[in-house]
Amino acid sequence: MSPLPWSIYISLAGALLALAAGRRSPGAARWTALAAAVAAWAPALLAAARFVPGPGLQTLVDVPWIPSVGVRYHLAADGISLTLLLLTGLAATAGVLFSWNIQERTGEFFALFLILVAGVYGVFLSADALLLFVFYEIAIVPKYFLIAGWGSTNREYAAMKLALYSFAGSAMVLAGLLWAYSVGGGHAFGFADLAEAAATLPRHQQIAVFALVFFGFATLAGIFPLHTWAPTGHVAAPTAASMLLAGVVMKLGAYGCLRVAMPLSPVGFAYWQSTIGWLAVIGIVYAGLVALMQEDLKFVIGYSSVSHMGFVILGLAAANAQAVSGAVLQMFSHGVIAGLLFAVVGRMVYDRTHTRKLSVLRTMPLYRLLPFAAAVFVIAGVASMGLPGFSGFPAELTVLIGTWRASPAWAAVAALGILVAAAFTLRAIQLGFFGTSEKSEPPAQVPHLEPISLPEKAGALLLIGATVLVGLRPDLLLNWINPALQSAIFQSVLKGGAP
Amino acid sequence: MSPIPILSLIVFVPWIGALLLASLPRLGAQACRGVALAFSLSTLGLAADALLSFDRASTGYQFVERHGWIGALNVHYHLGLDGMSMLLVILTGILSPACLLASWRSVREPRFFGLLFLILQGAALGVFLALDFFHWFIFWELSLIPAYFLIRLWGGAGAARAAYQFVIYTIGGSAFLLLGFVAIFAATGSLDFDRLAQMGADGTLGARLAALGGFWPQAVFLGVLLGFAVKVPLYPFHTWLPPAYAEAPTGVSMFLTGVMSKMGVYGFLRLLWPLFPGPLHAAAVPLLWLALGGAVFGAFAAMRQTDLKRMIAYSSVNHLSYCLLALFAVSAATGRPGLTRDASAAALSGTLLQMFNHGLSAAALFYCVGVLEARSGGRRGLGDFGGVRSAAPVFAGLCGIAMFSSLGLPGLNGFIGEFLIFLGVWGLVPWAAALACLGLFATALFLLTFWQRVFHGPRAGAAAGEFPDIGGLDCAVLVPMVALMFVLGVLPQILTGLFNPLVTSWANHLPLP
């Protein structure tokens, strides 16, 4: 386990090196970034190979940081963190591969990208709430610059909206944490210490504290109706940033909900549980219906992310071991699938055709012009529909089983969401890639499109491999996640439903 | 367990073929067709091999392969074969090569077509052989994707809409099916068909689901019912079917009606009935009305069609409704004293035979319409032809036999299945049998209209000019199918021998309500 913290440090060092290499040539910056992304992923892979699943966090580093208030630089991991660390490495590596064509200010782009990655690693490794919060902020700031600097459609608006939502969310989280700490007479920011402090608060205060922390984090996870930053942000962001944003950054919010908010106050959670559950299922169906109406292919994917993240929040709301393990699996699965979808739409299609309008794309038989892109999009779409054989299926199945135990009505509405997901995904596949068949009129002019490059192919195959592997062997991850949920701190909030 | 995992081979050899085609982008068109056909034929060969060591007296699963898979969800890799699966595997084995041959010349990009078709074939076989919900559902859902593209990319002018409708309807049904099994897993902790069937028979499953309270136990039943009802399809969930069958290219229409519609009936027999004997019994009378609706309206709708492909498509709705009619009649009569057992055995045997026979005759009829289309530049209206018999006597003869088989003429394969269904249903629920006769009547009417308008009279329409008779390739498809119609018409015991013990045991231990 010991090499895991190096993921953070390597990413940060990689950011500096990429910046320096960028002054020399864009190519040097690319290779530096790729090397850094892979090197930062390596500790997670190494740790995964020798990981012994068990309840509770396994401490990696623990030194005092701000002793006067009991903040510690405490890094630790369990099966849940490890799952998400692997996802981060995967998404970061694929993201670099899909950014190979960035020409302007390449060094700065990859530097910001790697700082973002470092922040994400940090969040997943933090065992101290305040430390987690610091890393969380480190992840948010580069996002703004990536979108504002390298984005497309409406980028200033989108970047500002995303930043405002994120900061409002973090302000709520910070307020909640400090409330629990100071009013509850806390002495440290470890998750269990904070829960202890919060437990001393009167019930109505616990309810308020929980709401602040949970909904603050859930904003970033795209909970309905605080999701509106997500589609605009995803659409405006450059491809690699969309991949990280939907793939990993939304998971930060969900991870915060699970790791910090839920154990913080089981009383508060019990009060809000049914509200959260209903918001989740409304989000699943509503975002799906909105995706069905979109004209911009990237907006379809953007809203689909909100819909799929609804399953994560639903799993958390159901609050039994089965549902929560499914939620974590869904975090991994959606990270891979959303990454793949954004890669096809943003990099393979948009960078070549310079349009994402379905009404224009349908006049180009893209499956003939870019067969590889079409094939990848079909695979990713099928995975995103939740068809078995891909990672989305075991994840949604596990969430649904757990949810059914908590509330059959939620599960029934969520199943409706699966139908809506099939409808909008199929529509996107049909209009975006298979619009014109040979029999109808040939398109006005068939543009010449450059063939799919090697880095794109490598990135796509990496992500497809991951979704198929987890789709067929979900137990690889579930066997890490389930023991982690047996720890005392999770058991305080999870009720029944042995996995 | 047999030393060679024969069932895995049956499922995966077509997929290996698909992989091979995918990895050989430079293979010539003719070679691609050959590879696809060879891998498609593997099913028949492997099924024949399995048939040699198949124990006809046994009612349990044979050649079982069971391995641990996903511990956290109690999922196993579980394949097994009983008489019903054997029947359907053989049907798939016979029809799949015929479907490929039907699209032999006409189809562009034969490599991609063959690739998708082999995926579809493997998925259908998986549905008939997998015995764990997780494992089974992979095949059930995955079959939609190749089917979608086969309709979308090689279909007619309205193919985009038809393919979309087909997939959305079916996935919609599957979403509720999935929800049903989510509830079953939450209640029992198992997804194994055999285990669940036991729990269904002894009432454990019903009791556990009843603990949910309120409307939910019924909702679980309705969800699973809906999933299969859309797939078969049961009236009024059939509206996706006519456009999909009509727009698909000939070979795919053959496969859709011949094999994929059987997946739904199989689901009714393998899952819905054993798992929910009580709720099915309670709902049997309304369901009988729906099956009657399909049998009667399907036939009358076919009568009103001027597009021959849509006519055959509606006749499929009619024929498949007989299968469900028999099952619902058995369920309705469960527990009633008297001749129930013999009548049930007859009705269920009829259902299984009808599945096979309908697959054979409907596929042959779609093939014949495809022949007409190929010779007339894509026309297939009822009024587009005339006097084809004098232009193409061999074709007319073979097509006529397929029609009469579909009509249920004694001596041909269609008769015995429908006869047993009517015999059984008459003994169980007489009024339903009486009403279903209306469907038989209308079927005779529309098929004879088809025969008369297209084949009789002076040569007219597309048949007025040059209209060559069918050649060697067409004969290679139609002659074996027609020969099989005769053989099975005279010797139905070839098929009934496979599943008689199974049906008898079903009738003897009718899952009690």
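Only the coordinates and a few stated rules stand behind these numbers; no lab work does. Model, not experiment: these values are computed from the prediction. Glycine also receives a Cβ, built like all others from the backbone with ideal geometry; neighbour counts cover every protein chain displayed.
Using Cβ point charges alone (K and R +1, D and E -1), the dipole size of the protein assembly as shown about the Cα centre works out to roughly 1240 debye. Between 0 and 90 degrees, the angle of helix B:430-455 with respect to the longest Cα principal axis of chain B falls at about 20 degrees. In terms of its alpha-carbon gyration tensor, the range B:76-125 comes out oblate; a/c meets the 1.5 threshold, while b/c is at least as large as a/b. Cβ screening of the protein assembly as shown for cysteine pairs under 4.7 Å finds these without a partner: A:C257, B:C32, B:C99, B:C323, B:C437, B:C475.
Between the listed residues A:P43, A:T275, A:L245, the Cα displaced farthest toward the positive end of the dipole of chain A, a dipole computed from Cβ unit charges relative to the Cα centre, is found at A:L245. Distance between the modelled labels on A:Y157 and B:W431, one decimal in nanometres: 6.4 nm (7 Å Cα→Cβ projection).
For the range A:98-158 versus the range B:463-513, the spacing of their alpha-carbon centroids is 64 Å. Based on every Cα atom in the range A:88-189, Rg and the maximum pairwise Cα distance Dmax equal 16.2, 53 Å.
Sort the range B:278-507 into rounded, prolate or oblate with this rule: let a ≥ b ≥ c be the square roots of the eigenvalues of the Cα gyration tensor; rounded if a/c is under 1.5, and if a/c is not under 1.5, prolate when a/b is larger than b/c, oblate otherwise. The shape class here is prolate. Entry note, chain B: relative contact order of 15 percent, from Cα contacts under 8 Å with a spacing of 6+ residues.
If you wrap chain B in the convex hull of its Cα atoms and look at it from every side, the mean projected area works out to 22.3 nm². Calculated [222 nm] ellipticity per residue, helices only, for chain A: -23000 deg cm²/dmol; basis is -39500 (n - 2.57) per DSSP H run with n ≥ 4, divided by all residues, nearest 500. If you keep only loop residues by DSSP, which chymotrypsin sites (Phe, Trp or Tyr not before Pro) in the range A:213-302 have at most 16 other Cβ atoms within 10 Å of their Cβ? Sites meeting the loop and neighbour criteria: none at all. If you line up the long axis of helix A:106-125 against the longest principal axis of chain A, both from Cα atoms, how many degrees apart are they, to the nearest 10? Roughly 40 degrees between the two axes. Annotation note: trypsin sites (Lys or Arg not before Pro) in the range A:1-75 located in DSSP loop regions with a Cβ neighbour count of at most 16 within 10 Å are A:R50. Computed from label points 7 Å out along Cα-Cβ, the spacing between B:L438 and A:S182 is 7.9 nm. With semi-axes defined as the square roots of five times the eigenvalues of the C-alpha gyration tensor, the equivalent ellipsoid of the protein assembly as shown measures 54, 33, 23 Å, largest first. Please identify the chymotrypsin sites (Phe, Trp or Tyr not before Pro) of the range B:211-293 that satisfy two criteria: DSSP loop assignment and at most 15 other Cβ atoms within 10 Å. Which are they? In loop regions of the range B:211-293 (DSSP not H, G, I, E or B), the sparsely surrounded chymotrypsin sites (Phe, Trp or Tyr not before Pro) are B:F215. Averaging over all projection directions, the Cα-based convex hull of chain A occupies 21.0 nm² in the image plane. Once the Cβ-Cβ distance of B:I494 and B:D342 is raised to the sixth power relative to R0 = 22 Å, the FRET efficiency obtained is 0.50.
Put a dot 7 Å past the Cα of B:L9, heading toward its Cβ, do the same for A:A409, and the two dots end up 5.5 nm apart. Computed over every Cα-Cα pair of the range A:216-366 and binned at 5 Å starting from 0, the pair-distance distribution P(r) comes out as 2, 11, 20, 22, 18, 12, 8, 5, 3, 1, 0, 0 percent. Compute the helix-to-body angle for A:454-472: its Cα long axis versus the longest principal axis of chain A, expressed 0 to 90° and rounded to tens. Orientation of helix A:454-472: about 50 degrees from the principal axis.
Using R0 = 22 Å, the C-beta based FRET efficiency linking B:A460 and B:R161 works out to 0.10. Under the classification rounded if a/c is under 1.5, otherwise prolate if a/b is larger than b/c and oblate if not, where does the range A:229-284 fall, given a ≥ b ≥ c as square roots of the Cα gyration tensor eigenvalues? It comes out oblate by the Cα gyration axes.
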